[in-house]
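The values are calculated or read from the model by the stated rules, or taken from the named source; none is laboratory data. The structure presented is a predicted model; accordingly, all values stated were derived computationally and were not measured. Backbone-built Cβ (ideal geometry, glycine too); neighbour counts: all protein chains shown. Only protein heavy atoms, including side chains, enter the accessible area calculation; ligands, DNA and RNA are left aside. Shrake-Rupley method; radii C 1.70, N 1.55, O 1.52, S 1.80 Å.
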Amino acid sequence: LSDTAVFFYKCDNFYNKAAELGIMYDDPDLNINWQLPKEDLILSDKDMHNAYLADIIHQL
């Protein structure tokens, strides 16, 4: 959401849902101040169901 940011990502294989992982944007362990009101956020259904970092670590 910037006029100056450039974002790239690289795909090196076919999509594999079993290898997909995401962390909740509002994870209290990460303590990121996104400087956006929660009511202005638009999350995909997939992102609304991401895990918290502590839960992921306990699964390892």
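Per-structure values
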quantity: MRE, 222 nm, helices only [DSSP H, n ≥ 4, -39500 (n - 2.57), over the chain, to nearest 500]; calculated: -4000 deg cm²/dmol
quantity: Most mobile listed residue (31, 16, 50) in the chain, GNM with C-alpha springs under 10 Å; calculated: 16
quantity: Among 27, 40, 12, residue whose mean-square fluctuation peaks in a GNM of the chain (springs only between Cα atoms under 10 Å); calculated: 12
quantity: Candidates per chymotrypsin sites (Phe, Trp or Tyr not before Pro) in the stretch 22-53, loop by DSSP, up to 11 other Cβ within 10 Å; calculated: 34
quantity: Computed magnitude of the charge dipole of the chain (debye, nearest 20; Cβ of K, R +1, Cβ of D, E -1); calculated: 220 debye
quantity: Other-chain or far-sequence residues with amide H under 5 Å of residue 51's (modelled H); calculated: 22, 24
quantity: Those aspartates and glutamates that a straight Cα-Cα span of less than 13 Å connects to residue 46, excepting residues fewer than 8 apart in one chain; calculated: 20
quantity: Sparse-neighbourhood loop sites, trypsin sites (Lys or Arg not before Pro) in the chain - DSSP loop, at most 16 other Cβ within 10 angstrom; calculated: 10
quantity: Accessible carbon and sulfur surface of the chain relative to its total accessible area, %, 1.4 Å; calculated: 56 percent
quantity: Isotropically averaged projected area of the chain, using the convex hull of Cα atoms (one quarter of hull area), nm²; calculated: 6.1 nm²
